[in-house]
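This report refers to the structure that appears directly beneath it.
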Amino acid sequence: MATSNVELEIVKQLFSTLSDDDKKSFLKSIKSKKQEQNFTFTKKIKECPHCKSTHFVKNGKVQGRQRFICMDCYKTFAQTNNTILYCVKKDLSVWEKYIHCMIEKYSLRKTAQICGISLPTAFAWRHKILDALQEIQENVKLDGIIETDETFMPISYKGHHKDFNFPRSAKHRGTTNTNRGLSKELVCIPCAVNLNGKSVAKIANLGKPNVKALNSVIFGKVEKESVFVTNSLRSYLKLSNEMNLNHIRIPRNKHSNGSFNIQVVNNYHSRLKSMLVYNFKGVSTKYLNNYLVYHNFVNFAKESRKDKEQMLLNHILNTNCLSQSISVANRPAVPLLVA
């Protein structure tokens, strides 16, 4: 505190030595820089979000935000309707801080402290943003050399679930499952990555994967005539034939086939589990798909952190997302999985 007071006194003394014109230009430059840091919502309104009519007019402002009224259905709306900012009172500058914390993988408590929001709000915002990011994964197309393998996570009921009867007795994180091997107590996550930093991963089923489970995640995500590198699982053989891919299989108990291997996807699995265990202390299965998207974007994509922050901010502002805090909390404890 003493150091900051001394620095402030030095600044005051230096400021007092400036001429009146220099003082004005200095204050003007500070004001302009401050205005550059303030984000504004610039999404263009093309139609009424309620009835899709293009016949609407301005209808005053509420807390500085322009509102509109539809002349066909007579319902009012704002620029934030159908976006992640709907019913949110915080300024965009707070969202920018929050996105920075997400890219840096800060804990929820640290994020809430930096952004000046509550812990439940920090949790809800995380999953509202990740829900919007799901659209990015839906549009990902992998090409070139694509390595594919599956990883497994135990089913987790972490968190508070109202009116939910646990199908098994509670156990501490890290304890072994009741059944050995690839049992129905494990969630199968097929993952496909290429050498350019693009990746696809999603919950497929419980236990050992089959063609149907792999199809639900990978089919349509790989460009034709790409090089498809997998382990010796026979389901990949049928999948590659259906997708017209050049298939390279790694023999059982081998690490490579010529110059091809699956070390990139194995590294992807290692970094994923490290994030889930050490950064987030385990995650509930009902939120696992969102954390897979988080891992794809934050850990595996090759863009710089600053570029990722800008990409994420632009995406959530221009993507329709109807996720609300109450819907995040009320998700089913276990998503619908392929048995």
Q. If you rank Y157, Y291 by how much accessible surface each has, with a 1.4 Å probe, what is the order from largest down?
A. Y157, Y291
Q. Expressed as a whole percentage, what fraction of the accessible surface of segment 217-311 belongs to carbon and sulfur atoms when a 1.4 Å probe is rolled over the protein heavy atoms?
A. 46 percent
Q) What is the local net charge at S53, summed over the other residues whose Cβ is closer than 13 Å to its Cβ (Lys, Arg +1; Asp, Glu -1)? A) +1
Q. Any idea of I114's accessible area? Nearest 10 Å², probe 1.4 Å.
A. 80 Å²
Q. Considering only protein heavy atoms, what is the solvent-accessible area of W95 at a probe of 1.4 Å, reported in Å² to the nearest 10?
A. 0 Å²
Q. Per residue, how much accessible area does segment 83-156 show when a 1.4 Å probe rolls over the protein heavy atoms, in square angstrom?
A. 43 Å²
**Q.** Listed residues Y294, Y106, Y74 arranged by accessible area, highest first, probe 1.4 Å
**A.** Y74, Y106, Y294
**Q.** Counted charge near Y106, where neighbours are those whose Cβ lies closer than 11 Å (Asp, Glu -1; Lys, Arg +1)
**A.** +4
Q. What trypsin sites (Lys or Arg not before Pro) does segment 78-124 have in DSSP loop regions with at most 11 other beta carbons within 10 Å?
A. K89
Q) Quick one: net charge of C115's neighbours, Cβ under 10 Å, K/R +1, D/E -1? A) +2
Q) Can you pull the percent of segment 63-105's accessible area that's carbon plus sulfur, 1.4 Å probe, other chains left in place? A) 46 percent
**Q.** Probe 1.4 Å, accessible area per residue of segment 178-239, Å²
**A.** 45 Å²
Q. Leaving out same-chain residues fewer than 8 places away, which lysines sit with a Cα under 22 Å from that of K141?
A. K198, K202, K212, K221, K224, K238, K302, K308
**Q.** Per DSSP, loop GluC sites (Glu not before Pro) in segment 203-252 with at most 16 further Cβ within 10 Å
**A.** E223, E225
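The values are calculated or read from the model by the stated rules, or taken from the named source; none is laboratory data. These numbers were taken from a predicted model, which means no experiment stands behind them. No Cβ is skipped: glycine too gets one built from the backbone with ideal geometry, and neighbour counts run over all protein chains shown. The accessibility values were calculated without ligands, DNA or RNA, using every heavy atom of the protein model including side chains. Shrake-Rupley method; radii C 1.70, N 1.55, O 1.52, S 1.80 Å.
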